[in-house]
Amino acid sequence: MTTAAAPAVAVPASRRTSSARGRVTVNAVMVAMILYFLLPFWWLVVAATKNNDALFSSAALWFHQPGSFVTNLQQLFTHNDGEYLRWMANTAIYAGVSGVGATAVATLAGYAFAKYRFPGRNLLFSSLLGAIMVPATALAIPTYLLLSKVELTNTMWAVILPSLLNPFGVYLMRVYVQQSVPDELLEAARVDGAGELRVLYSVVLPTLKPALVTVLLFSMVGTWNNFFLPLVMLNNDKLFPLTVGLQSWYQGALIQSGANALFTLVVAGSLVAVLPLIVAFLLLQRYWRGGLTVGSLK
């Protein structure tokens, strides 16, 4: 016995035209947004290849003397006995220690909120969600007053310790643990004789790689780009990160006669400061792609 094939349903021409126009509109909006977000970076790349005179006189969005880029880098790395390299090393220390520490704290807290029941759990987590809404700049002055009591201001710890607290990272880890680590898996490990630390290290952490990388990147980028906190905490230029150091150069170029050459160093330094973040995202993006499919597999 055979079954007749269902007749093809003709799509009206007006609907096809409307669908095509919709796709064109969506693509045009996406291209416009890409150009909007890439335009500042393109300007930074172009401006880093100009000398001081060309920076203010030539076309803003096109190269003038690309050979000046090497000269700008040489001046950048040798100015004030390599001051920029010292600031970059400070920034790497701040971002690296704070990123790893914040990831560890967020992982432990998120795992505890997701898999343990204890008094005040919901109240603490609600307070944590409220902390996400508080701007970091609003906490800089109270944090300064607290650290000044223990004489930690104007030290690296004044930047690192506040950066270890990442409420959004804790929230993200809790959600990810709830979705990716079933209670049955933890109970099976406990039945096999594994202690709580062994369960966390051998069972939970391997499952959380995408979330760990996400929190690590967010924490590192936040500390790398942080400006107000180190500005408040530090007054020793040898401890400055790149953000505060470049701002000090910029202020010097504005108020000192004959310091206009610092503008090119600020531009070149800003470009170099962005490159490590770009490399980090490119190297670690595969973990993000893995994490995006978790919800579809549940």
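For the stretch 281-292, check the following and say yes or no: at least one residue is under 22 Å from the mean Cα position of the chain (by Cα), modelled with pLDDT of 90 or more and of a type in the set (A, V, I, L, M). No, the stretch 281-292 has no match at all. Restricting attention to the stretch 242-256, does a residue exist that is more than 24 Å from residue 104 (Cα to Cα), open to solvent by 20 Å² or more (accessible area, probe 1.4 Å), part of a loop (DSSP other than H, G, I, E, B) and out of contact with any Lys or Arg (no Cβ under 8 Å at 6 or more places or on another chain)? Yes, the conditions are met somewhere in the stretch 242-256. Filtering 261, 268, 273, 280 for residues that are surrounded by fewer than 18 Cβ atoms within 10 Å (Cβ to Cβ), under 22 Å from residue 84 (Cβ atoms) and touching a residue at least 40 places away in the same chain (Cβ under 8 Å) leaves a single hit, 261.
Condition check for residue 154 on (1) over 29 Å from residue 286 (Cβ atoms); (2) not in a loop (DSSP other than H, G, I, E, B): one failure, at (2). For residue 215, the requirement of being open to solvent by less than 40 Å² (accessible area, probe 1.4 Å), modelled with pLDDT of 90 or more and either among the charged types (D, E, K, R) or part of a helix (DSSP H, G or I) (or both) is met.
Within the stretch 159-170, the set of residues being in contact with a Phe, Trp or Tyr (Cβ under 8 Å, 6 or more places away or on another chain) and not in a loop (DSSP other than H, G, I, E, B) comprises 159, 160, 163, 168, 169, 170. State all residues of the stretch 92-124 that are crowded, with 18+ Cβ neighbours inside 10 Å and among the aromatic types (Phe, Trp, Tyr); if no residue qualifies, say none. Within the stretch 92-124, 94, 111, 113 meet the criteria. For a quick check of your reading of the model, give me the residue pairs whose first member lies in the stretch 120-145 and is farther than 18 Å from residue 172 by Cα, whose second is open to solvent by 40 Å² or more (accessible area, probe 1.4 Å), with beta-carbon atoms closer than 6 Å and at least 6 apart or on different chains. If the second residue must be open to solvent by 40 Å² or more (accessible area, probe 1.4 Å), the pairs left are 137/228; 140/228.
The residues of the stretch 165-206 that are in contact (Cβ under 8 Å) with a residue 60 or more places away in the chain, open to solvent by 90 Å² or more (accessible area, probe 1.4 Å) and among the aliphatic types (A, V, I, L, M) amount to a single one, 165. Every listed requirement among (1) closer than 22 Å to residue 273 by Cα; (2) of a type outside the set (Asp, Glu); (3) at pLDDT 85 or above; (4) surrounded by 11 or more Cβ atoms within 10 Å (Cβ to Cβ) is met by residue 36 save one, (4). Evaluated against (1) open to solvent by less than 10 Å² (accessible area, probe 1.4 Å); (2) under 28 Å from the mean Cα position of the chain (by Cα); (3) not β-branched (Val, Ile, Thr), residue 50 falls short on exactly one condition, (2).
The values are calculated or read from the model by the stated rules, or taken from the named source; none is laboratory data. All values derive from a computational prediction rather than experimental measurement. For neighbour counting, all protein chains shown are included, and Cβ atoms are generated from backbone atoms with ideal geometry for every residue, glycine included. What goes into the accessible areas is simple: the full protein's heavy atoms, side chains included, and nothing from ligands, DNA or RNA. Shrake-Rupley method; radii C 1.70, N 1.55, O 1.52, S 1.80 Å.
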